[in-house]
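Since the structure comes first, as structure tokens, the remarks are kept for the end.
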Ligand code: FES
């Protein structure tokens, strides 16, 4: 799991119940089972990045999930408040991301708690990467 050794924040809590992630760009629906989370190679366990990647959604993650880039920027258009609060380092990195919205998060850091279903949208520059076959 990617982890920046200079950031000493504890990992966010894992989801407490099953929920769904809908990818607005493609309509793809991902069922998240807290008992069977995919292993997070980059970023936090249970974070949107690992869940999207495991479902075949191609999300950039240039720094490997250690808050060193903003290429994993996504919009959490539904269920935003069900995710962990961003730490200051995430906010700082997001400030450098283009086309910021109130719903912007870094996918490698954003761990929904499963209390509601979530809808994400990939920013325009990654849309061509979204796989349509599902
Ligand atoms: S992959 Fe670099 S901050 Fe998420």
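Please treat every number below as a calculation from the coordinates, not as lab data. Here the structure is a predicted model, which is why all the values come from computation and not from measurement. Cβ: placed from backbone, ideal geometry, glycine included. Neighbour counts: every protein chain shown.
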Pulled fully out, how much extra length does the chain show between residue 92 and residue 115, if you take 0.36 nm times their separation in residues and subtract their Cα-Cα distance? 5.6 nm
Pop a pseudo-label 7 angstrom from the Cα along the beta-carbon direction at both residue 29 and residue 103 and give the gap in nm to one decimal. 1.8 nm
Protection proxy (average C-beta count within 10 Å per residue), highest first, orders 34-43, 7-16 as 34-43, 7-16
Just order 88-98, 22-32, 105-115 by mean Cβ neighbour count inside 10 Å, highest at the front, would you? 105-115, 22-32, 88-98
